[in-house]
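Asks: This structure is in structure tokens; I'll ask about it shortly.
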Amino acid sequence: MNSPPSVSHQQRQYTALRSLVPASPAAAGILQSHPPDLLGLNSPFKMAASGTLDAFHLFPRLPSELRLQIWNDAFPRRVVTVHYVHNESGSSLKYFCSPDPLPAVFSACKESRSEALSVYTKAFSSGSAPRYIWVNFTTDTIRINDYSVPEIMIEERQLIRWLVLESTNDEFLSGPFCDALLDLRDLEEWDIQAANEIALWSGIVPVLLKCLTDKFSGLEGWKCPTIRLSEMDTDIKMNYQYHQK
């Protein structure tokens, strides 16, 4: 018969458990309110003496609210690249796609997938043969070129908070491109990567800031985003920050 696990082994398991949630005060608080009985032989947290820390066998026995908090803490902050795919004639959008994989929480287990589905949204489903991309607009940065922005549904444009915009020239401030960009109501940070010399763009950012302010300053709690400008090839940067509500 296997002997009961040693106190030191259980303590190491408990330490490993605490290490799962160092950046989550909520999860740490839940854990503190459900401390495992390290000495009790009938504790649901006990393990075989031959147990290993290669796999965290205690996880399924954690309180459900702690498990869900850990899954939420596991959601990564991603940069999601969105590509525009033309239809056969090359004249309009067929669908959007992304080379970036789904976060691992989608496939870890049934519980993690269920939690991911409550946070991630099917987005970028425009086009003649639409597909979709799973996005967490709260944390994901969307990387896209300027000519694709008008094809995004307005409801989705208004959800984007973090944006990297690849721009081939400064004419994106004209016509439908400008109108679409000015739908970015919830934007917090906007990185514009210019294909040509950054000096040619020096007057553009103040114009964008003014247009956004004129359009949204009446909304309660609205703040103008931080806008950064850089050259694609050299990564030379020009920074603008506007604080007026």
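The values are calculated or read from the model by the stated rules, or taken from the named source; none is laboratory data. As the structure is a computational prediction, the values presented were derived from the model and not from experiment. Here the Cβ is made from the backbone with ideal geometry for all residues, glycine too, and neighbour counts use every protein chain on show.
Asks: Kindly indicate whether Ile144 is over 23 Å from Asp100 (Cβ atoms), of a type in the set (Val, Ile, Thr), out of contact with any Pro (no Cβ under 9 Å at 6 or more places or on another chain) and in the same structural domain as Tyr95 (by TED's automatic domain parsing).
Replies: no
Asks: When you check Pro150 against the structure, is it surrounded by fewer than 14 Cβ atoms within 10 Å (Cβ to Cβ), at pLDDT below 90 and out of contact with any Ser or Thr (no Cβ under 6 Å at 6 or more places or on another chain), yes or no?
Replies: No, not satisfied.
Asks: Something else about it: Check whether at least one residue in the stretch 211-229 is modelled with pLDDT under 85, in a loop (DSSP other than H, G, I, E, B), farther than 28 Å from Tyr132 by Cα and in the same structural domain as Pro130 (by TED's automatic domain parsing), and report yes or no.
Replies: Scanning the stretch 211-229, I find no residue that is modelled with pLDDT under 85, in a loop (DSSP other than H, G, I, E, B), farther than 28 Å from Tyr132 by Cα and in the same structural domain as Pro130 (by TED's automatic domain parsing), so the answer is no.
Asks: Considering only residues that are in a helix (DSSP H, G or I) and either in contact with a strand residue (DSSP E or B) (Cβ under 9 Å, 6 or more places away or on another chain) or surrounded by 19 or more Cβ atoms within 10 Å (Cβ to Cβ) (or both), which ones fall in the stretch 178-198?
Replies: Within the stretch 178-198, Ala180, Leu181, Ile198 qualify.
Asks: Run Gly51 past the list (1) at pLDDT 80 or above; (2) touching a His at 6+ places or on another chain (Cβ under 7 Å); (3) surrounded by 14 or more Cβ atoms within 10 Å (Cβ to Cβ) and report the number of the one that doesn't hold.
Replies: So Gly51 meets the others, but not (1).
Yes/no per residue for (1) aliphatic (A, V, I, L, M); (2) closer than 24 Å to Asn87 by Cβ:
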{"residue": "Ser128", "(1), (2)": "no, yes"}
{"residue": "Arg131", "(1), (2)": "no, yes"}
{"residue": "Asp140", "(1), (2)": "no, no"}
{"residue": "Asn145", "(1), (2)": "no, yes"}
{"residue": "Ile154", "(1), (2)": "yes, yes"}
{"residue": "Leu159", "(1), (2)": "yes, no"}
{"residue": "Leu187", "(1), (2)": "yes, no"}
{"residue": "Val207", "(1), (2)": "yes, no"}
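Asks: I'm trying to understand the selection: among the residues of the stretch 94-113, which are in contact (Cβ under 8 Å) with a residue 40 or more places away in the chain and farther than 24 Å from Cys178 by Cα?
Replies: Glu111, Ser112
Asks: Would you confirm, using the coordinates I've provided, whether Arg185 is in the same structural domain as Arg113 (by TED's automatic domain parsing), basic (Lys, Arg) and either at pLDDT 90 or above or under 21 Å from Tyr95 (Cα atoms) (or both)?
Replies: no
Asks: Name, by its number, the condition in (1) out of contact with any Cys (no Cβ under 9 Å at 6 or more places or on another chain); (2) more than 30 Å from Pro60 (Cβ to Cβ); (3) buried (at least 16 other Cβ atoms within 10 Å of the Cβ) that does not hold for Pro103.
Replies: (2)
Asks: Residues Arg113, Arg157, Arg67: which one is outside the structural domain of Leu212 (by TED's automatic domain parsing), out of contact with any strand residue (DSSP E or B) (no Cβ under 8 Å at 6 or more places or on another chain) and basic (Lys, Arg)?
Replies: Arg67
Asks: In the stretch 120-136, which residue that is hydrophobic (A, V, I, L, M, F, W, C) and buried (at least 19 other Cβ atoms within 10 Å of the Cβ) is farthest from the chain's Cα centre (by Cα)?
Replies: Phe124
Asks: I've got another one for you. Ala116 fails exactly one of the following numbered conditions: (1) touching a residue at least 12 places away in the same chain (Cβ under 8 Å); (2) small (Gly, Ala, Ser); (3) more than 29 Å from Leu68 (Cα to Cα). What is the number of that condition?
Replies: Looking at each condition in turn, Ala116 falls short on (3).
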